[in-house]
1. On the Cα set of region 408-516, report Rg and Dmax in Å, please.
2. Between region 342-407 and region 172-233, what is the separation of their alpha carbon centroids in Å?
3. Could you give the length gained by full extension between residue 507 and residue 97, i.e. 0.36 nm per residue of separation minus their alpha carbon distance, to one decimal place?
4. Could you check the simple spin-label distance between residue 382 and residue 29, using points 7 Å along Cα→Cβ, in nm with one decimal?
5. How far, in nm, would the chain grow between residue 149 and residue 11 when pulled straight, counting 0.36 nm per residue and subtracting the alpha carbon separation?
6. Which chymotrypsin sites (Phe, Trp or Tyr not before Pro) does region 333-414 hold that lie in a coil by DSSP with at most 11 other beta carbons within 10 Å?
7. Quick one: which residues, 5 or more positions from residue 309 or on another chain, have an amide H under 5 Å from its amide H? H modelled 1.01 Å from N in the peptide plane, none for Pro or chain starts.
8. Can you list the residues, at least 5 places off or on another chain, whose amide H is less than 5 Å from the amide H of residue 291, using H built in the peptide plane?
Amino acid sequence: MTELEAARQRIATLEEELAVLARQLAALTRQVFGRRSEQTPPPVPGQLDLNLETESVEELPAPPAPPDKPKGGSRKGRKVRAALLPDHLPVEETVLIHPQAAADPGNWREIDREVSERLERIPGKLVILRVVRPVLVRKDQPFAAPVTAPAPPQFLPGSFFGPQLMVDLVLEKSLYALPLYRQAKALEWESGVKTSPATLCQTLARIAREVEPVVQSMADGLWRAPCVQFDLTPVRCLSREHAGGSFLGQWRPMADIDSRQAARRVSRQANQMWVAAVPGGDVLYTWDPSKAASVAEGIIPPWFKGILQTDGGPEVLCFLKGGKGRLKPPPDILRAACWAHVRRKFFEGAKAGCPLCARLLKIINVLYRIEGRAREIGLPPEERTLLRQRRARRVVAGLRRRIERTLAAERPKSAVGQACTYALGQWSGLVTYLDHGVVEIDNNSVENAIRPCALGKKNWLFIGDVKAGPRTAIFYSLIGSCLRRGLNPRAYLHWLFTRIAAEGTHAPHTLNPAAYAAITKPEPVAAQAA
């Protein structure tokens, strides 16, 4: 090889590395300052999608038309505002009489009314619920044993707080991401009640112990579903023994670590919130100070026989392939991959200006439009399987051929090369959804369930103690399952605390959100997790 050829090869290598760094910088800039939406322009009406679909879209029945939403306006504002206010809210009416009519009401007649309505909030107030049980004795039997009315059942015997206040503590911490020290300050500012964050923390710990059997019963039902989605997210944990005050990895004293490489390996073992969810059903959080494959083995029961939908993360893939130290992979688990992660890599390449990524992205969008149309119509799993076999399979086959041709012609480190390599590496799991209507096209449902935890990390920053991780997972499981079922979490938690106080947890399967949804009509959710 001549010096000129070597120089040209070096220039090509440096240009490729520069392009990789430029894409990383663009992705980081977009992550910090830009929009994170991955929406693409809708297709041009009347055009077929890349000649991959030969059947007309009109074969499917038209979805039901959405109800007309009133639009605001200067003259129709009052009617629109009145339509947005629910009927169950109490109304405090104030009638204002003109001074002239008030001075001589007999000579005035009402011919119409001008009504204006506003939504107002009355700050909550704290009250002391005092229960008095007189000790009585019969007058004619003064030496007989006295009698006293039985004490009402309590959710936490001897607790200083009532059930509604305990519901507020759980919701403000786990749903609204309000740290306990802020809740303690709010109680002091609003009502003058001084309580320490430690007292609130101990109360939450007692609540978690009482409702833990309910979450365990939810886990038994969740893993009996035919398809379960699985994901995880890191959570920082507080530790006074750590030099930085908190740690993200499974921390050990530096004296126990022999080398710098071992220290880096330990730091990568991050605290994780493992999340399992059934589409349209419950969600189950599990906290563990490690992200090893053995943790997934402890979460997923050995009797689980179904489809596990995950992204391309190495933790669950290691478990599915047998894991370190295991003889063979679980035989009755079929993996389904996530098309959203594949689509995201082509989307990022298209944003960076790669025309090949944009071309392949359009093909993936065809698959999503098929799924969106089936979701609008509300097809059951059996019919959704037939639809995918008839329309989506040929699109997937055409996408595979184009990816292989593109990968043979492009550099592996280019944007389209990396996206195609990732897609082919996940291909066996990507085609699973074509044959199983119970499987979603992507793992976005369980990722949306992680959002409350991600929002909380921006407010409470870290879990206060290693032992507090499981308690946090318990509350996220209950509240997240309520939100996914359209239940009001405040009403459910109050019902749960009342039932446990009266009956205990002898039948926990009758106390979960699914049981509550079966006996009551879902109430409007006051707030959804972002």
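The values are calculated or read from the model by the stated rules, or taken from the named source; none is laboratory data. This one's a predicted model, so the numbers in the text were calculated from it and none came from an experiment. So basically every Cβ, Gly included, is an ideal-geometry build from the backbone, and we count neighbours across all protein chains shown. For the accessible areas, the whole protein counts, side chains as well, though only heavy atoms, and no ligand, DNA or RNA atoms are used. Shrake-Rupley method; radii C 1.70, N 1.55, O 1.52, S 1.80 Å.
1. 20.9, 70
2. A separation of 40 Å, based on Cα centres.
3. Here the segment from residue 507 to residue 97 would lengthen by 141.7 nm.
4. In this crude spin-label approximation the distance works out to 5.4 nm.
5. 40.7 nm
6. Passing both the DSSP loop test and the Cβ count: no residue.
7. HN-HN under 5 Å from residue 309: 228, 229, 230, 336.
8. 270
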